[in-house]
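A.B. asks: Got a structure here, written out as structure tokens. Questions coming.
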Amino acid sequence: MISFARMTCASLLAALACCGPAAAQTAAPAGAKVYIINLKDGDTVKSPFLVQFGLTGMGVAPAGVEKPDTGHHHVLIDTKLSAEEMKAPIATDDTHKHFGAGQTETMVTLPPGKHTLQLVLGDWSHVPLDPPLMSAVITVTVQ
Ligand SMILES: [Cu+2]
């Protein structure tokens, strides 16, 4: 019994040590999903084109509003998040777009050719959830 108690204590400490940085991430509710509603992999589109953001199991709230089980959408264009980027606020640039007002769709303007699109939900502070809520990556051809 004594060795069992020691082991439990050691595993607890190990768990706390290992998961320190991840504590900043908001837990994703079980079963929540993010998806692109109106486009699928392989579609051909004319720029500018509409991208509609689908979300089930959670709600949308503006950035800065800390409310349980909510977040806001981000669109990744021709990029993806590394394991490290998954744990930090999402960058803001031409390939990482934030919809911090709580938008659920956008018009995207892209040059002709193949482009990848992916949705990522971020919490009130733009950090992806844990586990991350991301759509499948789709490739569209812009005419
Ligand atoms: Cu954001």
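A.B. asks: Which residues' amide hydrogens lie under 5 Å from the amide hydrogen of Thr104, considering only partners 5 or more residues apart or on another chain, with H built in the peptide plane?
C.D. replies: Residues meeting the criterion, in which the H sits 1.01 Å from N, do not exist here.
A.B. asks: Would you please give the residues with an amide H less than 5 Å from that of Val142, counting only those at least 5 places away or on a separate chain, with H modeled from the backbone geometry?
C.D. replies: Val45, Gly113, Lys114, His115
A.B. asks: Out of every Cα pair in segment 73-143, what percent are spaced more than 19 Å from each other? Walk me through the numbers on the way to the answer.
C.D. replies: Working: 737 of 2485 pairs.
Across segment 73-143, Cα pairs with separations above 19 Å total 30 percent.
A.B. asks: What is the percent carbon and sulfur in the accessible area of segment 68-143, measuring with a 1.4 Å probe over the protein chains and ignoring ligands?
C.D. replies: 57
A.B. asks: Mind checking the per residue accessible area of segment 27-140 for me, 1.4 Å probe, whole number of Å²?
C.D. replies: Value returned for segment 27-140: 51 Å² of accessible area per residue.
A.B. asks: Using a 1.4 Å probe on the protein heavy atoms only, what accessible surface does Thr79 show? Give it in Å² to the nearest 10.
C.D. replies: Surface open to solvent at Thr79 totals about 40 Å².
A.B. asks: Quick one: Karplus J couplings for segment 53-66, per residue in order, coefficients 6.51, -1.76, 1.60, θ = phi - 60°, nearest Hz, x for Gly and Pro?
C.D. replies: Values, residue by residue: 9, x, 8, 10, x, 8, x, 9, 9, x, 4, x, 9, 8 Hz.
A.B. asks: Sticking with this structure for a sec: Pull up all non-local amide H partners of Thr70: gap of 5 or more, or a different chain, and H-to-H distance under 5 Å with H placed in the peptide plane.
C.D. replies: Long-range HN contacts for Thr70: Gly59.
A.B. asks: Give the accessible area for Asp41 in Å² (nearest 10); use a 1.4 Å probe, count only protein heavy atoms, and leave out ligands, DNA and RNA.
C.D. replies: 100
A.B. asks: Read phi for every residue in segment 137-143 and hand back ³J(HN,Hα) as whole Hz from Karplus 6.51 cos²θ - 1.76 cosθ + 1.60, θ = phi - 60°, with x for Gly and Pro.
C.D. replies: 3J(HN,Hα) across segment 137-143, in whole Hz: 7, 10, 10, 10, 9, 8, 6.
The values are calculated or read from the model by the stated rules, or taken from the named source; none is laboratory data. Note that the coordinates shown come from a computational prediction; the quantities given were computed from them, not determined experimentally. For the accessible areas, the whole protein counts, side chains as well, though only heavy atoms, and no ligand, DNA or RNA atoms are used. Shrake-Rupley method; radii C 1.70, N 1.55, O 1.52, S 1.80 Å.
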